[in-house]
Amino acid sequence: MSALVKSISFSSVFISILFTGISAYSQYAAKDTGFNKVYTIDEITVSTTRTIKSIGDIPVPIQVISKKFIQQSGSQKLIDILQQQTGLILSDNPLGQSLQGYPNPFGSGIQMQGLDPAYTLILVDGEPLTGRNAGILNLGRIAVGNIKQVEIIKGPATSLYGSDALAGVINIITEKPTGNNSLLQVHQSSNKTWGFSASQSFKKNKTALQLFANRYSSSGYDLDKTIYGQTTDPYRNYSFAGNLQYDLNATTQLQSSARLFTQKQFNNYLVYTANQPQAVDGSSIETDWSFNNQLHYKISKKVKLISRLYITGYKDNAEVFMMSDKQLFDKSYMQQFLLKPEIQVEIGDKRNQKLIAGAGYNFETVEANRYPDKKRFNAFYIFSQKEWMLYNKLNITVGGRLDKHSLYKLQFNPKLALAYKAAPHLTINASIGTGFKAPDFRQQFLFFTNSLVGYTLLGADELANGLLQLQQQGQIEPSVNITPYLGNNALSPEKSVGINIGGRYLLHNKTTFTLNIFRNDINNLIDRFNLPFSKTNGQAIFSYININNVFTQGLDVNINHQLNNLFSINAGYQYLEAKDKDVIKKIKDGKMVKRDPVTFVSSYVTSKEYGGLFNRSKHTANLQLFYNSNNKKWGANIRANYRGRFGYSDINGNNILDDGREYVKAYVLLNAAISKSFKQGFEIQAGAENILNHKDKNKLPNLPGITYLVNLNINLNQLFTKQL
């Protein structure tokens, strides 16, 4: 056995030295105050996706959302909980002006460090969600009632997680079986929204089982009565989850989980045929399932082996029919499958001095009517990270990942992170790493025309063929010159370098102050662009292009303070700049021109007028105040989120943000909740979201105005115990 350990140790060290970078996944220690997480140093261990590890001196920025915070917010939407965190911005309407007055057909995603949702990897229990539309994952697939905590890693994490983690990682950790417990919840809120959930956990001898079920439905809402149909259509969904843990013996444990989500949305809107309005209705069905199996084997006190097999599938089918004659008007579908086996070895028993190495394989298929044919790819990867703790003050973490993908060349992404304990209550962090993201199927092969609005979105590889078809069909005027777009429009892979520098300071065990300064430089960033001509229906044509030398930079600050045994206050602020270096150069060289759409007067764009990339707010902030009575019978909170103005769409034809009329005004979302617990195992909670009733039917259709909610929580174990 000792020879085996030495062999494994030598091989792993060799891999670690070969890789010259790091892992990004570590965490703050967190003291749960009963309100939110107050971060301290050297307190507890937290489960990460790669290993169970002590907190200690942490080299990378991270936020942890506790289950208590989720429960006290009263919210049933994960997207609403995430956007209350510092630096996490709701990203809507990726197609800009073409969607005015209509909901975003691709849903809402989370922007991190100024990078779009496509660059943030979403994990459930350490494994990726599939089924992105326009780069966005529908986070409504995750029921909040089954979430234990959410871990948010900021900055490039490609060194462990691959090409989708340029901006960072959001890992949603679900409940694990810990004992015998039964919980029920009934939720009711505005717009005839109802939610029902139940969870049951069992534990006996070597076996533990957690079961969860949820039903959620809403009648939708309508922000503009002058447009036929609703802004958000009615829908209902069901979620089921199970988690089994079985101890085979003292050194081996089997962990197996399954998840199923299905949603049906009922669609009703107007389309135009021969310039005549026609009403259509139908439905879309979304299904998401996964199996996650892990075998944990302790070879010795210092060596642990983990094998994983993850299988997941996603399907989205939609059909709409003419209401006049019930004839099929439009049908769309997308189906995705992922098979991901992986093996990992963990060596070391001392805190923050472990070595992790692993290898895995991805086999993925995507089929959709928006793609010419079924697409397949496979990828092999190996990763490693090594931690050293020197003099109990300096933590050094080095690691990296090597990817061989069937669609692009061999890629290596390293990272280095440092944490220095300058004083008993002061830790300084720094990290640098590279990121990589290949053009996805959507950006390369998409051929999609929205039947509701009428815009067309073409992947780069389909741009030439798509324009020819549209012109032949009479959807583009014959006089329009499409020749410049008929050549090679192939996209290049995106690459980035990310730097994070900051620290955290603990004052009197009551106040934690964290600061992170970040900079991301991205080459060949892939973004949507609006072609300089329209279709005959007046709607835009979009495609994808590499934008060279984009950067995002800024800082975020968090303060967590425990006022006394009753009150806790949290505050956060982010400053962000996100710009295209090539645009900055053109402005300085006097080569960037704009033309006023009203006066038709042309002028040169100045540096002061350039507002950077669209959909980025320079200033965002949040403030949260929590109350919890000494007897824990009463709880209350008020939470405010501020988003500064941000660019929405181009109006003067130069495809940059340079006019005050291109912005969405700043706004504040104010939420509050109050709860009362009873000895019999009941808890009643009431609250309101968007109390200030902020609405913008054209530019923010995903804000329905003020909504009220009531939750009834029942602990059946406590209820029956009290009765007995």
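The values are calculated or read from the model by the stated rules, or taken from the named source; none is laboratory data. Fair warning: this is a prediction, and the values are worked out from it, not measured in the lab. Methodologically, a virtual Cβ is constructed for each residue, glycine included, from the backbone with ideal geometry; neighbour enumeration extends over all protein chains shown.
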| note | When T226 is run through (1) assigned to a loop (DSSP other than H, G, I, E, B); (2) more than 25 Å from S307 (Cα to Cα); (3) in contact (Cβ under 8 Å) with a residue 12 or more places away in the chain, the failure sits at (3)
| message | Cβ contacts < 6 Å: first residue under 18 Å from G220 (Cβ atoms), restricted to region 256-274; second residue of a type in the set (A, V, I, L, M, F, W, C) and crowded, with 18+ Cβ neighbours inside 10 Å, any location; separation 6+ or different chain. Result? | response | N267/V320; Y269/L452
| query | Quick one: which of I482, I569, I541 is modelled with pLDDT of 95 or more, out of contact with any Asp or Glu (no Cβ under 8 Å at 6 or more places or on another chain) and either over 30 Å from A636 (Cα atoms) or surrounded by 16 or more Cβ atoms within 10 Å (Cβ to Cβ) (or both)? | reply | I569
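How many residues does region 646-686 hold that are among the charged types (D, E, K, R) and closer than 22 Å to S603 by Cβ? Talk me through it step by step, then tell me what you get.
First pass over region 646-686, keeping only residues among the charged types (D, E, K, R): 650, 658-659, 661-662, 665, 676, 679, 683.
Checking the rest, the ones that are also closer than 22 Å to S603 by Cβ come to 650, 658-659, 661-662.
The qualifying residues number 5.
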| said: Among the residues that make up region 284-293, is at least one of them in contact with a helix residue (DSSP H, G or I) (Cβ under 9 Å, 6 or more places away or on another chain) and either surrounded by 19 or more Cβ atoms within 10 Å (Cβ to Cβ) or under 28 Å from P128 (Cα atoms) (or both)? | reply: yes
| Restricted to region 583-610, and to residues that are of a type in the set (F, W, Y) and surrounded by 11 or more Cβ atoms within 10 Å (Cβ to Cβ), which residue is farthest from the chain's Cα centre (by Cα)? | Y604
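Only one residue in Y297, Y310 is aromatic (F, W, Y) and buried (at least 19 other Cβ atoms within 10 Å of the Cβ), so which one is that?
Values: Y297 fails: buried (at least 19 other Cβ atoms within 10 Å of the Cβ).
None of the others qualify; the one that does is Y310.
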| Residue tally, condition modelled with pLDDT of 90 or more and within 29 Å of the chain's Cα centre (by Cα), over region 461-479 | 1
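Consider region 165-223. How many of its residues are assigned to a strand (DSSP E or B), charged (D, E, K, R) and more than 28 Å from the chain's Cα centre (by Cα)? Working first, answer last.
So in region 165-223, the residues assigned to a strand (DSSP E or B) come out as 168-174, 181-189, 193-204, 207-218, 221.
From what's left, charged (D, E, K, R): 203-204, 215.
Of the ones still in play, those that are also more than 28 Å from the chain's Cα centre (by Cα) are 203-204.
Matching residues across region 165-223 total 2.
Inspect region 389-397 for any residue being among the charged types (D, E, K, R) and under 28 Å from N516 (Cα atoms) and give the result as yes or no. Show your work before the answer.
Here is the first cut: in region 389-397, the residues among the charged types (D, E, K, R) are 393.
Within this subset, residues satisfying the condition of being under 28 Å from N516 (Cα atoms) are 393.
Yes - at least one qualifying residue is present in region 389-397.
Going through region 362-408 one residue at a time, which ones are without any contact (Cβ under 8 Å) to a residue 12 or more places away in the chain, within 24 Å of A438 (Cα to Cα) and out of contact with any Asp or Glu (no Cβ under 7 Å at 6 or more places or on another chain)? Can you show your working first?
Step one: filter region 362-408 for residues without any contact (Cβ under 8 Å) to a residue 12 or more places away in the chain, giving 373-374, 390-391.
Checking which are within 24 Å of A438 (Cα to Cα) leaves us with 373-374.
Passing the criteria: only D373.
With respect to N275, is the statement that it is over 20 Å from A143 (Cα atoms), at pLDDT below 95 and over 26 Å from the mean Cα position of the chain (by Cα) true?
Values: over 20 Å from A143 (Cα atoms): yes; at pLDDT below 95: yes; over 26 Å from the mean Cα position of the chain (by Cα): yes.
Considered against the rule, which asks whether it is over 20 Å from A143 (Cα atoms), at pLDDT below 95 and over 26 Å from the mean Cα position of the chain (by Cα), N275 comes out as yes.
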